[in-house]
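As structure tokens, the structure follows; a few thoughts come after it.
The values are calculated or read from the model by the stated rules, or taken from the named source; none is laboratory data. Given the structure is predicted, the values throughout are model-derived calculations rather than measurements. Here the Cβ is made from the backbone with ideal geometry for all residues, glycine too, and neighbour counts use every protein chain on show.
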Amino acid sequence: GAGVSQSPSNKVTEKGKDVELRCDPISGHTALYWYRQRLGQGLEFLIYFQGNSAPDKSGLPSDRFSAERTGESVSTLTIQRTQQEDSAVYLCASSPSGGQGYGYTFGSGTRLTVV
Amino acid sequence: SQKIEQNSEALNIQEGKTATLTCNYTNYSPAYLQWYRQDPGRGPVFLLLIRENEKEKRKERLKVTFDTTLKQSLFHITASQPADSATYLCALDADTGNQFYFGTGTSLTVIP
């Protein structure tokens, strides 16, 4: 597509429920990234995909967080047993390759609120 | 661990003036540095990338410098306009090469 698309744009969930966040990157972009942005804070790296593999999962905060990517396209970030501290905007970005010479194209994010 | 610092206070300038934003970093030597613009409720938008062997990069009214000795990047917007009002983020590549680390951003308001 023309840009990175994320869905849903907003999600309110009860504490303890599972949520799935979806990212559709730009077609042909092999690198895909998930970041988290808490209110008033910077972007916190979660995970990086090159193709369908995730060579760097170092930012996932706990084993409640997982992500997958299929068809070198769509990625899903899953948060199990959500907690209030999970409330944040979850941003997805893609770039043409995993090299550092490219800027990232971000989606508009999913605003997750855990009540 | 890596640390990135941007102007913590919001920056207000008069329309037509040059805005200068600062990004300082410690504890490592990035090969790439990027600047992004972020508007409320939106994802960051890529503006410029500069490599460690480049001292300066320009794009239209934007100019970025990268001083690896001072461990600092300056981001300039010349002839600023109210439409330039946004939060500007700097980002540096991680040692692993797998991601960029982002600063917390500087809020810029251009007053008509």
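Inside the range A:2-54, can you point out the residues that are over 11 Å from the mean Cα position of the chain (by Cα), without any contact (Cβ under 8 Å) to a residue 40 or more places away in the chain and over 18 Å from B:R42 (Cα atoms)?
A:G51, A:N52, A:S53, A:A54
Just checking, does the range A:93-113 include any residue being hydrophobic (A, V, I, L, M, F, W, C), within 14 Å of chain B (Cβ to nearest Cβ) and within 16 Å of B:F46 (Cα to Cα)?
Within the range A:93-113 (the criterion being hydrophobic (A, V, I, L, M, F, W, C), within 14 Å of chain B (Cβ to nearest Cβ) and within 16 Å of B:F46 (Cα to Cα)), the answer is yes, since at least one residue qualifies.
Strands (runs of 3 or more DSSP E) wholly in the range B:73-112 with at least 1 residues that are buried (at least 23 other Cβ atoms within 10 Å of the Cβ) - which ones?
Values: elements: B:86-93, B:100-102, B:106-111.
The qualifying strands (runs of 3 or more DSSP E) are B:86-93, B:100-102.
If B:N27 meets every condition in (1) within 25 Å of A:R38 (Cβ to Cβ); (2) within 14 Å of another protein chain (Cβ to nearest Cβ); (3) out of contact with any Asp or Glu (no Cβ under 9 Å at 6 or more places or on another chain) apart from one, which number is that one?
All conditions pass for B:N27, except number (2).
Against the condition out of contact with any Phe, Trp or Tyr (no Cβ under 7 Å at 6 or more places or on another chain), within 11 Å of chain B (Cβ to nearest Cβ) and surrounded by 14 or more Cβ atoms within 10 Å (Cβ to Cβ), how does A:Q41 come out, does it pass? Give the derivation first.
On the way: out of contact with any Phe, Trp or Tyr (no Cβ under 7 Å at 6 or more places or on another chain): yes; within 11 Å of chain B (Cβ to nearest Cβ): yes; surrounded by 14 or more Cβ atoms within 10 Å (Cβ to Cβ): no.
Spelling it out, it is not the case that A:Q41 is out of contact with any Phe, Trp or Tyr (no Cβ under 7 Å at 6 or more places or on another chain), within 11 Å of chain B (Cβ to nearest Cβ) and surrounded by 14 or more Cβ atoms within 10 Å (Cβ to Cβ).
Matching residues to (1) within 15 Å of the chain's Cα centre (by Cα); (2) within 27 Å of A:A31 (Cα to Cα); (3) more than 10 Å from every other protein chain (Cβ to nearest Cβ):
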site	(1), (2), (3)
B:T20	yes, no, yes
B:V45	yes, yes, no
B:I50	yes, yes, yes
B:L74	yes, no, yes
B:D84	yes, no, yes
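Inspect all residues belonging to the range A:86-93 and state whether any of them is surrounded by 15 or more Cβ atoms within 10 Å (Cβ to Cβ), modelled with pLDDT of 90 or more, outside any strand (DSSP E or B) and not hydrophobic (A, V, I, L, M, F, W, C). Steps first, answer last, please.
Going through the range A:86-93, the residues surrounded by 15 or more Cβ atoms within 10 Å (Cβ to Cβ) turn out to be A:86-93.
Then keep just the ones that are modelled with pLDDT of 90 or more; that gives A:86-93.
With the extra rule that they be outside any strand (DSSP E or B), the set shrinks to A:86-87.
When the remaining residues are screened for being not hydrophobic (A, V, I, L, M, F, W, C), the result is A:86-87.
Yes; the residues of the range A:86-93 include at least one that is surrounded by 15 or more Cβ atoms within 10 Å (Cβ to Cβ), modelled with pLDDT of 90 or more, outside any strand (DSSP E or B) and not hydrophobic (A, V, I, L, M, F, W, C).
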